[in-house]
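The values are calculated or read from the model by the stated rules, or taken from the named source; none is laboratory data. These figures come from a predicted structure and were not determined experimentally. Cβ coordinates were reconstructed from backbone atoms using ideal geometry, including for glycine residues, and neighbour counts include every protein chain displayed. Heads up: the accessible areas ignore ligands, DNA and RNA and are worked out on the full protein's heavy atoms, side chains in. Shrake-Rupley method; radii C 1.70, N 1.55, O 1.52, S 1.80 Å.
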Amino acid sequence: MKETVHKKLNQLQATAICGNDISSSCLYVSALTILYAGQFAWISLLIVAVVLFLFRRIYGEVVGAIPLNGGAYNVLLNTSTKRLASLAATLTVLSYMATAVISASEGMHYLHGIFDNVNTISATIIVLVLFTGLAILGIGESAFVAVIIFITHLVTLSLLVLASLWFILNNGLETFHLNWQTPIAHGNIKTALFLGFSAAMLGISGFESSANFVEEQQSGIFPKTLRNMWAIVSFFNPVIALLLISIIPLAEVGSNKESLLTYLGQTTGGSWLAWLISIDAVLVLCGAVLTSFVGASGLLNRMTLDRILPNYFLKQNKRGSHYRIVISFLILCLSVLFVTNGHLESLAGVYTFSFLAVMALFGIGNLLLKFKRRKLPRPERARGIVVVIAVSSIIAAFVGNMQLNINSFYTFLKYMVPSLLFIGIMLNRIFLIRVLIEGLEYFYQPLRKMVIISNRYLHKMSLKINSQEFVFFTKGDDVAILNRVLQYVEGNETTKKLKIVHITNGASGNEALRKDLEVLDRAYDEIDIEYLEIEGVFGPELIDELSQKWKIPKNFMFIGSPGNKFSYRVSDLGGVRLIM
């Protein structure tokens, strides 16, 4: 059967998909930062740019070492446990849900400002449904739309900057001097900068998105997307904030915070520029919706492959899209919209804290990668002190946002706890099935026939999950390493069968290894250990052959961390996981 060939994304396409989210931040983050930091807002935004610069290397090291979809989930899965990785995945999905709904709703509010007869709730639903269809069509079609939106947005922002500079040349800096002498709202510069920094950290939401669809990008494109996003945010966000302080009195910022850039365009260029900015806002915020769908689809697909979510979601259409995942994500977004009735402040807490938590977990994953996978080849490295500073900055922003609005944090918890309960059920479904079996036998003894039928079905389900075989490729490791392998399998995988495979080049003589495995087989009596010696050369071809022969997916095959002399990259092995 002929396989579907998926076209990889180039630099512009990949940057556009994730860049629409992060570049749309200037529509709201400038006003938000000025409200807390006043005339020092541009300094807070520059500090954010420095923090984002640190994260460039952090993301570059992790994804360069393990270039697989999933972002924070991926690195934690390969360096810690499924439970911690699932926490990161849950937070990421919550962030994408909130981003999609907020962006769609904000975009429709801008549209309502142009056309008064637009119903924002109905229009938001239409936008979410339209981008669901676009995501189902495939990432190539999504990238085409994203590029058009992205270029339009950059051109519009550039026109706004030029118009503002021309306005200042003709009118002078009198407004800037007045604003600079305005008393600080929060008592002192340090507090103002800290609160402004905390609010401004929302301006980098979307930076994590590129890591969630890295497998769809051409080789070497990922670090370029990080560079491009950093450059856009580092230039436009501080510059626009500085222009706002130079043109608009601080007293007028609060009354125009909903559409501050439109007001700036009206002031500097007239109604045509204000209209253009409003149209651009609608487009780029819709582009942020697309980013959410693409990022969430890549992450949820990876979680399904790792059996955290049901295999039901792996079904693909003719274009290779996981349409069930996309439709499920749409349902989640619509449920959030209806529950909050489009109340954006209720979603702000989910959006803020989930995004910051994901960034912090990614930094922690980088530290775990350094400690546990130090031999794994990677194109670049972030110094440990840089990672600590970056994660500390994120934690400070998290605390700062709690200080700004503690009710938003409580809203975030209301969404996170049920999500974690669902993931917990999926991770412990075998245990829960066994509890259900015993409950049925105890409480429904009079209904013997129904109990027997239910019992057989559930046992069959349990056996099906446990019958999945896993493979570990050993280089002739000693008993200590093999013991850690079995501890990992016993603690993280629901299986009863493990093949331990040693690839030989004609010579055998592994009696010590056989004896070690006999001891371990007795120690781990719940796991059926099978030892195999196969003559050949370890590589992608042999893995493909064994995967097809044994009918074992490649992501159920494990290896230890390869050294610098290893002939292949981890991504060349088709999803084989690192557990040592």
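Brief remarks follow.
- Inter-part distance, the range 454-494 to the range 43-59, computed on C-alpha centroids, equals 42 Å.
- Among the listed pairs Lys372/Lys515; Lys190/Lys372; Lys414/Lys499; Lys190/Lys370; Lys414/Lys551; Lys224/Lys370, those beyond 32 Å (Cα-Cα): Lys190/Lys372; Lys414/Lys499; Lys190/Lys370; Lys414/Lys551
- Accessible area of the chain belonging to carbon and sulfur atoms, whole % at 1.4 Å probe: 62
- For Tyr531, the residues 5 or more places off, or on other chains, whose built amide H falls under 5 Å of its own are Ile500.
- Calculated FRET value between Leu169 and Ser335, using beta carbons and R₀ = 51 Å, to 0.05: 0.50
- Rolling a 1.4 Å probe over the protein heavy atoms gives the range 10-121 an accessible area of 25 Å² per residue.
- Close amide H pairs (under 5 Å, H built 1.01 Å from N) link Gln217 with Leu9, residues at least 5 positions away or on another chain.
- Under the Karplus curve 6.51 cos²θ - 1.76 cosθ + 1.60, θ = phi - 60°, whole-Hz ³J(HN,Hα) for the range 107-113, x wherever Gly or Pro sits: x, 6, 5, 5, 5, 5, x
- Restricting the calculation to alpha carbons of the range 33-121 gives Rg and Dmax of 18.7, 53 angstrom.
- A crude spin-label estimate for the pair Phe144 and Leu421, with each label 7 Å from Cα along the Cβ direction, gives 4.4 nm.
- Among Asn117, Ala146, Leu427 the positive-end extreme of the charge dipole of the chain (Cβ point charges): Leu427
- Pairwise FRET efficiency - Phe176 versus Ala231, Cβ, R0 = 25 Å, nearest 0.05: 0.45
- Rolled with a 1.4 Å probe across the full set of protein chains, the surface gives Arg381 an accessible area near 130 Å².
- Scaled to the globular estimate 2.2 N^0.38 Å, the Cα spread of the range 144-272, given as radius of gyration, is 1.26.
- Heavy-atom SASA rank of Leu52, Leu276 (probe 1.4 Å, accessible area, largest first): Leu276, Leu52
- Annotation for the range 65-105 versus the range 197-270: alpha-carbon center distance of 23 Å.
- Taken about its Cα centre, the range 515-573 carries a charge dipole of roughly 360 debye when the Cβ of each Lys and Arg holds +1 and the Cβ of each Asp and Glu holds -1.
- Computed E for Asn428/Lys565 - FRET, C-beta separation, R0 41 angstrom, nearest 0.05: 0.55
- Averaged over its residues, the range 445-559 has an accessible area of 58 Å² per residue, based on protein heavy atoms and a 1.4 Å probe.
- Estimated inter-spin distance, Lys464 and Ile389, nm [label 7 Å along Cα→Cβ]: 5.3
- Along each principal axis, taking the top coordinate minus the bottom one, the Cα set of the chain gives 87, 63, 51 Å in descending order.
- Placing a label point 7 Å from the Cα of Ser219 along the Cα-to-Cβ direction, the residues of the range 560-580 whose backbone N falls under 20 Å of that point are 562-576.
- Protection proxy ranking, highest mean first, for peptides 323-330, 83-90: 83-90, 323-330, where packing is the per-residue count of other beta-carbon atoms within 10 Å, averaged.
- 0 to 90° range, to nearest 10: angle between helix 344-372 axis and the chain longest Cα axis: 50
- Table column - 3J(HN,Hα) (Hz), the range 59-73, Karplus curve with 6.51, -1.76, 1.60, x for Gly and Pro: 5, x, 5, 5, 6, x, 7, 10, x, 10, 4, x, x, 4, 4
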